[in-house]
Amino acid sequence: MSEALAPVVVKEIPPKAADLSAWYTAACLKAELVSYSPVRGCVVLRPYGFGLWENLRTHLDARFKATGHENAYFPLLIPESLLLKEAEHVEGFAPEVAWVTQGGSETLTERLAIRPTSEVIIGTMYAQWIESYRDLPVLINQWANVVRWEKATRPFLRTMEFLWQEGHTAHATAEEGREETLRILELYRDFAENVAAVPVYAGRKSAGERFPGAVETFAIEALMPDGRALQSGTSHDLGQNFARAYDITFVDADQRIKHAYTTSWGVSWRMLGGLIMVHGDDRGLRIPPKMAPIEAVFVPIVRSGDDRAIEVCTAAAERLSLAGFRVRVDTREEQPGWKYSEWDLRGVPVRIEIGPRDVDAATATLARRDRDKNDKDQRRTVALDRLAEVLPELLSDIQASLYAQAKAFLESHTYVVQDRAEFFRLCKDRAGMVDIAWCERAECEALVKAETSATTRVLRPLEEASATCVVCGEPAKVRAYFAQSY
RNA sequence: CGGGGCGUGGCUCAGCUUGGUAGAGCGCUUCGUUCGGGACGAAGAGGUCGCACGUUCAAAUCGUGUCGCCCCGACCA
């Protein structure tokens, strides 16, 4: 039938390829993830968006707990005097700190910073709590909001107030601190790839991209469809820098007083933005099942005088719900086609249609969001009593297919380059991740940035010792992915 | 923060040049017919044009300021 070939028309959002920015903003708003608020640069996270955030939180939190971390909560406000103790840190964050200068009608004698990150307040507390090597390590995470006075904002990717988690740990030795930093980096990579289905490059940051006050910063970097990289999680080895500034000392087994080694690491709701851009299509979001607030939505199809499908859907949904699936029944009085489009837009991985034909045959028709409407395999009909058995395979298949598509994109947009001119062209064209042997010199990175606005994303060890820097010809020290970034 | 664009019922926008206190489509409400990829008919409701000040007999329309959003750049999770 010719109508089977008619394109799915999405009125709410523009095509993704034509203008990623416009698509992205519309998708976030129309899928009801966020709303703009009366506060500049601050969005409201709506229930569906919060559902996404909750799934991120659930998965990451479980991983934190499994690696021995505990949750705690620290104050939002930080006295200025505390903030000033770590010079590099202060300097790094100064331009984007928001201040409280008045309480009620009184002007404060000391300004209070609204935390842009919590190293300062947490380090101050650690100084009080840690006395002995027996108190170490301290492994604490906090789920919190932070504020950074941003000049340009976009939902999830950059907002003035955002939700994140920040882990802060203290250790007895440099080795343990580094070990922790890398453990978390791997934890983030695992989460990004196996839960968010977003393939990343993980590695060390260049000195220029390092967190203010850190000895070394590691990150995971994802690639967006427009060829720009998105830093999606960072893990910092702070060495003894913060321990010195905030006086975090302990008596070691050898009876000597030493500064602790601290780390900090964070993932924000920015990762949701990455997930949206990486997986979405012209019909809207495509949420990987593990992150989906709703894994499957039932759409009952009624006829006049025949609304049996509603009861059948409700009963089936209840069974699935008891079995641990996140499902919803859409009983609204809209046309089925209208509902299909809306749930497509909102990215629900599986749609379960049940109409009179299904009711008669005791079947359900499953449609998968990762396939196109014209794909013969988009829909399949299964026996109602086999839903709980079919759904897990289908969901995990969708999860895998979304990851595979994203992975293929990342790989096909990663360019191993030897030639200087080609390197500059690819960087300038926002082609993707440009992989070169690099000298690791700040001047060299600055030059590339000035010429192309690309910077290093992450670095990794060099295989061949004799290689020279593709940019400047100096001896290469590492391999580096260069890209423009968000 | 620099350059550009925009702000009119819930949404998308017209009206602004040549001032005379608002229109369309979609959505919303009610009733009926429909319902397997964004249905149809009928009857309704809803805005004083982001905000402030100014010019004028009169401002959505002109001027100044301000707030917010989008795009490009610089800066940053």
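The values are calculated or read from the model by the stated rules, or taken from the named source; none is laboratory data. Remember, it's a predicted structure, so these values are computed and weren't measured experimentally. Every residue, glycine among them, receives a Cβ derived from its backbone with ideal geometry; neighbour counts consider all protein chains shown.
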Which one of these does A:LEU82 not meet: (1) assigned by TED's automatic domain parsing to the domain that holds A:PRO212; (2) modelled with pLDDT of 90 or more; (3) hydrophobic (A, V, I, L, M, F, W, C)? (1)
Which numbered condition A:LYS258 misses (of (1) under 23 Å from A:ILE140 (Cα atoms); (2) among the charged types (D, E, K, R); (3) not in a strand (DSSP E or B)): (3)
Among the residues of region A:242-261, what is the count of those that are touching a residue at least 40 places away in the same chain (Cβ under 8 Å) and in contact with a His (Cβ under 6 Å, 6 or more places away or on another chain)? 3
Selection status of A:GLU54, surrounded by fewer than 16 Cβ atoms within 10 Å (Cβ to Cβ), at pLDDT 95 or above and within 30 Å of A:ALA27 (Cα to Cα): yes
Taking the condition of being of a type outside the set (D, E, K, R) and buried (at least 22 other Cβ atoms within 10 Å of the Cβ), how many residues in region A:440-458 meet it? 4
Within region A:321-350, the count of residues that are in contact with a helix residue (DSSP H, G or I) (Cβ under 6 Å, 6 or more places away or on another chain), farther than 21 Å from A:GLY280 by Cα and not β-branched (Val, Ile, Thr) comes to 2
Which listed residue, of A:SER268, A:SER264, is modelled with pLDDT of 95 or more, touching a His at 6+ places or on another chain (Cβ under 6 Å) and under 30 Å from A:TRP129 (Cα atoms): A:SER264
Whether any residue in region A:61-77 is more than 20 Å from A:MET160 (Cα to Cα), surrounded by 15 or more Cβ atoms within 10 Å (Cβ to Cβ) and near RNA strand B (Cβ under 10 Å from one of its atoms) is what I want to check. no
Residue check for A:ASP372: within 15 Å of RNA strand B (Cβ to nearest atom) and not in a helix (DSSP H, G or I): yes
Taking region A:438-463 and keeping residues free of Cβ contacts under 8 Å to residues at least 24 places away in the same chain and away from RNA strand B (no atom under 16 Å from the Cβ) leaves A:PRO461, A:GLU463
Which condition number in (1) surrounded by fewer than 21 Cβ atoms within 10 Å (Cβ to Cβ); (2) among the β-branched types (Val, Ile, Thr); (3) within 10 Å of RNA strand B (Cβ to nearest atom) is the one that A:THR159 fails? (1)
Which of the residues belonging to region A:170-205 are small (Gly, Ala, Ser) and either out of contact with any strand residue (DSSP E or B) (no Cβ under 9 Å at 6 or more places or on another chain) or crowded, with 21+ Cβ neighbours inside 10 Å (or both)? A:ALA170, A:GLY177, A:ALA192, A:ALA196, A:ALA197, A:ALA202, A:GLY203
Quick check, is A:ALA316 away from RNA strand B (no atom under 16 Å from the Cβ) and either more than 27 Å from A:ILE122 (Cβ to Cβ) or touching a residue at least 12 places away in the same chain (Cβ under 8 Å) (or both)? no
Among residues of region A:28-44, those that are away from RNA strand B (no atom under 11 Å from the Cβ) and closer than 27 Å to A:GLY227 by Cα, counted: 2
Residues of region A:190-243 satisfying the condition of being of a type in the set (Val, Ile, Thr), more than 17 Å from A:PHE64 (Cβ to Cβ) and outside any strand (DSSP E or B): A:VAL198, A:VAL215
I want to confirm something. Restricting to region A:449-483 and keeping residues that are among the charged types (D, E, K, R) and in a strand (DSSP E or B), which single residue is farthest from A:LYS428 (Cα to Cα)? A:ARG460
State yes or no: is A:ARG115 in contact with a strand residue (DSSP E or B) (Cβ under 8 Å, 6 or more places away or on another chain), over 21 Å from A:GLN240 (Cβ atoms), within 16 Å of RNA strand B (Cβ to nearest atom) and not acidic (Asp, Glu)? yes
Would you check which residues across region A:417-436 are more than 20 Å from A:ALA219 (Cβ to Cβ), more than 12 Å from RNA strand B (Cβ to nearest atom) and in contact (Cβ under 8 Å) with a residue 24 or more places away in the chain and list them? A:VAL417, A:GLN418, A:ASP419, A:ARG420, A:PHE423, A:PHE424, A:ALA431
Evaluate region A:122-131: report whether one residue or more is buried (at least 17 other Cβ atoms within 10 Å of the Cβ), acidic (Asp, Glu) and over 21 Å from A:ARG40 (Cα atoms). no
Subset of region A:329-364 that is closer than 20 Å to A:LYS30 by Cβ and surrounded by fewer than 18 Cβ atoms within 10 Å (Cβ to Cβ) - its residue that is farthest from RNA strand B (Cβ to nearest atom): A:ARG332
